[in-house]
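This report refers to the structure that appears directly beneath it.
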Ligand code: GLN
């Protein structure tokens with residue numbers, strides 16, 4: 001690896017730096033891609049962030065971009081930027097497994113819209129990233145292909161479910177990555193790994209090609225080293241898609257340009273329910289410092305209340321499991337991936353394929369979801385959770401009448417140890433306490449690094465915004481970033 005290629009790969013690479021190096025031909029795209037592949041070869045055995053590499057596709061794209069640069073063509077916005085894709089998004093050129101045995105070596109026949117849009121914007125797609133199986137988890141320990149280690153502290157989890165996506169950016173194995181969220185899966189791992197993770201508004205980004213977990217909650221969002229990069233990534237993937245009927249027609253603003261506007265005068269809500277019992281004192285102190293930085297930048301801080309917050313975890317785990325139990329019915333050994341050997345009957349084939357193909361947490365979710373949807377329990381659980389979801393959404397709609405954005409911790413603690421919560425699913429679910437609310441309400445959110453604990457672990461601040469308020473929350477996140 002040359003010195004300049006290793007510079008791009010290791011030191012918190014940014015999109016403008018990578019693209020400029022392609023444009024002025026100091027580090028061509030092919031050399032950048034090779035630099036990242038060498039970094040991955042050196043680091044992945046320990047971190048386990050990558051499940052598959054799409055070398056041929058990546059190098060063909062890099063060569064195309066370099067040829068454009070050599071001709072002096074105008075380069076697209078992500079020209080030569082090396083990006084990794086969470087393995088719940090379909091992509092040709094590498095297997096798509098959702099980190100499940102049931103999709104072992106499954107080759108998707110098409111690209112997810114977000115994947116296709118990144119490549120159209122000039123990105124070089126390096127490969128597929130590890131995650132919790134079917135994105136179900138908060139620590140990346142539910143992957144059928146082994147856990148991911150947090151590059152900032154190898155005995156710690158990277159968070160989940162997009163643990164590989166967060167770890168790859170944090171460790172300089174990609175400039176940026178795509179993750180997904182159903183209940184916190186970009187923001188929580190971003191906070192654990194010390195990078196930026198964005199949850200776009202529901203409908204802002206197409207879900208076409210995202211393997212469904214809970215369709216009313218699932219979203220795609222980027223991981224980056226800087227807030228500006230998150231804005232650039234969002235711009236590339238956002239917008240209406242005729243292949244996803246839930247994608248919005250709402251126009252896509254120039255998010256990076258809007259970062260130039262000052263945050264002065266913005267009203268920032270501080271919800272009391274997010275600063276109570278169970279919050280690690282060092283996390284609290286770091287988020288309070290972020291609040292002080294916003295005040296110093298001219299924001300007005302306002303105490304607010306989101307009174308239904310205590311019901312969010314229960315509501316989320318009823319609705320998400322209900323939808324999962326329906327979505328995962330398609331994995332039956334007939335249409336995709338793994339099939340049990342020598343089945344005696346059709347029913348035996350279904351039963352054993354699902355028994356052998358799904359991991360423990362996925363089975364737990366299917367059982368829970370089937371239970372809450374079953375006759376006799378539907379009204380008590382599923383319908384009730386839908387009603388509470390409406391109340392949680394109204395909390396936010398009410399709050400956003402008097403504030404422009406809301407500041408909270410992203411997670412109650414810094415990254416926990418591998419194995420620490422694996423025997424206690426409820427403790428694991430509680431790690432999502434500050435993040436699932438935004439998924440339920442459909443609003444946008446971002447996690448930005450705001451400090452380091454005494455043990456050297458990253459801490460994230462979360463900024464939540466109203467529907468289609470991405471430009472505002474990114475501005476607030478950048479003000480926190482600049483105060484670090
Ligand atoms: N940790 C949450 C869960 O296990 C959220 C996962 C996600 O956002 N994909 O369901």
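Would you compute the Debye intensity of segment 15-141 from its alpha-carbon atoms alone, equal scatterers and no solvent, and pass along log10 I(q)/I(0) at q = 0.09, 0.14, 0.19, 0.20 Å⁻¹ to two decimals?
-0.26, -0.61, -1.01, -1.09
For segment 285-423, restrict the atom set to alpha-carbon positions and state the Rg and Dmax in Å.
21.7, 70
Suppose the chain between residue 301 and residue 346 were pulled fully straight at 0.36 nm per residue; how much longer would it get relative to their current alpha carbon spacing?
10.0 nm
At q = 0.19, 0.24 Å⁻¹, what is the log10 ratio I(q)/I(0) for segment 157-204, with the Debye formula run over Cα points and no solvent?
-0.49, -0.74
Give me the Kirkwood hydrodynamic radius of segment 370-469 in Å, from all C-alpha pairs, to one decimal place?
After inverting the pairwise mean of 1/r, the radius is 15.8 Å.
What is the spin-label model distance, in nm, from residue 285 to residue 74 if the labels are put 7 Å beyond Cα along the C-beta direction?
About 5.1 nm separates the two model spin labels.
Please compute the Cα-Cα pair-distance distribution of segment 132-246 with 10 Å bins starting at 0, giving whole percents from short to long.
For segment 132-246, the pair-distance distribution reads 17, 48, 30, 6, 0.
Translational diffusion coefficient, Stokes-Einstein: compute it for segment 52-104 using the Kirkwood radius over C-alpha pairs as Rh, at 4 °C and 1.567 mPa s, and state it as an integer in µm² s⁻¹.
This corresponds to a translational diffusion coefficient of 101 µm²/s.
Antiparallel versus total DSSP beta bridges in the chain: what percent is that, nearest 5?
DSSP beta bridges in the chain are roughly 65 percent antiparallel.
For a protection proxy built on the mean count of beta-carbon atoms within 10 angstrom, sort 240-246, 319-325, 17-23, 116-122 highest first, please.
The densest-packed peptide leads the list: 319-325, 17-23, 116-122, 240-246.
Taking 7 Å along the Cα-to-C-beta vector as the label spot, tell me the residue 314-residue 374 distance in nanometres, rounded to one decimal.
For the pair residue 314/residue 374, the computed spacing is 2.0 nm.
How would you order 396-407, 369-380 from highest to lowest mean count of nearby Cβ atoms within 10 Å?
Top to bottom by mean Cβ count within 10 Å: 396-407, 369-380.
Percent of Cα-Cα pairs more than 21 Å apart in segment 110-191, please.
26
R0 = 25 Å: FRET efficiency of residue 267 with residue 417, Cβ-based, nearest 0.05?
Values: r = 39 Å, r/R0 = 1.55.
So, using R0 = 25 Å, E works out to roughly 0.05.
Two decimals is fine: what's Rg over Rh for the chain, C-alpha atoms, Kirkwood radius as Rh?
In the chain, Rg relative to Rh is 0.96.
Please give the peptides 329-340, 161-172, 85-96, 34-45 ranked by average Cβ packing (other Cβ atoms within 10 Å per residue), highest first, as a rough proxy for protection. List each step's numbers first, then the result.
Details: 329-340: 16.0, 161-172: 33.1, 85-96: 25.9, 34-45: 19.1.
In decreasing order of mean packing, 329-340, 161-172, 85-96, 34-45 become 161-172, 85-96, 34-45, 329-340.
Starting from the exponent 0.38 and prefactor 2.2 Å, build the expected Rg for segment 185-283 from its residue count and divide its actual Cα Rg by it. Don't skip to the answer; put the middle values down first.
Details: Rg = 15.9 Å, N = 99, 2.2 N^0.38 = 12.6 Å.
Here the answer is 1.26, to two decimals.
Can you pull the one-decimal nm distance between simple spin-label points at residue 356 and residue 329, each 7 Å off the Cα toward Cβ?
2.5
Give the whole-number value, in cubic angstrom per residue, of the convex hull volume spanned by the C-alpha atoms of segment 258-317.
121
Coordinate-derived values only; no laboratory data. Only a predicted model underlies this, so the values are computations on that prediction, with no experimental measurement involved. Using ideal geometry, Cβ is built from the backbone for each residue, glycine included, and neighbour counts are taken over all protein chains shown.
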